[in-house]
Amino acid sequence: MNNNPIGLFDSGIGGTSIWKEIHQLMPTENTIYLADSRNAPYGQKSKDEIIALSMKNTELLLEMNAKIIVVACNTATTNAVKELRVKYNVPFIGIEPAIKPAAHNSKTQTIGILATKGTLSSELFNKAVEFYRDTHIVEQVGHGLVELIENGAIDSPEMDQLLRSYLTPMITANIDYLVLGCSHYPYLIPQIKKILPPNIKIIDSGEAVARQTQNVLKANDAFNSSEKSTQVFYTNANPKVLSDIVGKHYSVSEKDF
């Protein structure tokens, strides 16, 4: 079982930002990634829909013998990871907006969070916000950002216009940390840095998720014993967009799921 893959899924290509951190930290681990781009974005769907899609993805990864599953999607984690852990006998690693380090380190006691509607309206997220109620949190739904990323329009004028409209009120509110609450959004960091003043730090959860995945594998004595590894990617939409993100030297296949 140790040589079985780490499974990851997301509502599209965004979770590859998490995969990259995991692969960088543990390059000898086999991985399988599911990009459910046909159903992106999850953030506009109901909780029941998100749970159903997350279960579908989980069952496909289990059929492929995943030894651990990384829910590389903030919306799926905050809405469905509790149900997944109850239903399936496999370790799950979730991804949540990194409010804690931002709130602890903020000098202005004001932080911004850019996330999907599904994440910002979830019970799990609102419990986290309540815990840090002494910090002013400026929330912004990133309407349209995931769709543009999924269509390969990261550097488009439309993306720049949307980002400016979302970030300008946060700058005015005097945030000093911006938390990226969607695994798609790290791919926007170059554009975001052009808009934000240099004193505002950007935080995403990728590195922390990779470390937690490593910790769970260690606790279960489940590291791959081989020095060789395979990285496999499946998408139910346009494989070119996923291939452009992960690199041409990885196997990207179109799959109906």
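Any read-out appearing in this document is the output of simple, stated calculations on the displayed coordinates, not a laboratory observation. Keep in mind that what you see is a predicted model, and the values were worked out from it rather than measured. All Cβ positions, glycine included, derive from the backbone under ideal geometry; neighbour counts span all protein chains shown.
So if R0 is 35 Å, what FRET efficiency would Glu123 and Lys193 give, r being the distance between their Cβ atoms, rounded to the nearest 0.05?
That pair, Glu123 with Lys193, gives E of 0.60.
Cα-Cα pairs above 17 Å in region 1-80: how many percent?
That fraction is 41 percent.
Evaluate the distance, in nm, between pseudo-label points positioned 7 Å from the Cα of Met55 and of Val232 along their respective Cα→Cβ axes.
With each label placed 7 Å out from Cα toward Cβ, I get 2.5 nm.
What do you get for trypsin sites (Lys or Arg not before Pro) in region 192-257 restricted to DSSP loop and a cutoff of at most 16 other Cβ within 10 Å of the site's Cβ?
Passing both the DSSP loop test and the Cβ count: Lys228, Lys248, Lys255.
Mind telling me which of Asn65, Asn215, Asn39 comes out most flexible in a GNM of the chain, alpha-carbon contacts under 10 Å?
Evaluated over the chain, the most mobile residue of the options is Asn215.
Based on DSSP H runs of at least 4 residues, each adding -39500 (n - 2.57), what is the mean residue ellipticity at 222 nm of the chain after dividing by all its residues, to the nearest 500 deg cm²/dmol?
Mean residue ellipticity at 222 nm (helix-derived): -13000 deg cm²/dmol.
Starting from the alpha-carbon convex hull of the chain, give the projected area averaged over all orientations, in nm².
13.0
Just the number, please: Stokes-Einstein D of region 119-237 in µm²/s, Kirkwood Rh from C-alpha pairs, 37 °C, 0.692 mPa s.
In µm²/s, the coefficient rounds to 192.
Quick one: which of 7-18, 127-138, 90-101 comes out on top by average Cβ neighbours within 10 Å, and what's the full order, highest first?
Going from most to least packed, we get 7-18, 90-101, 127-138.
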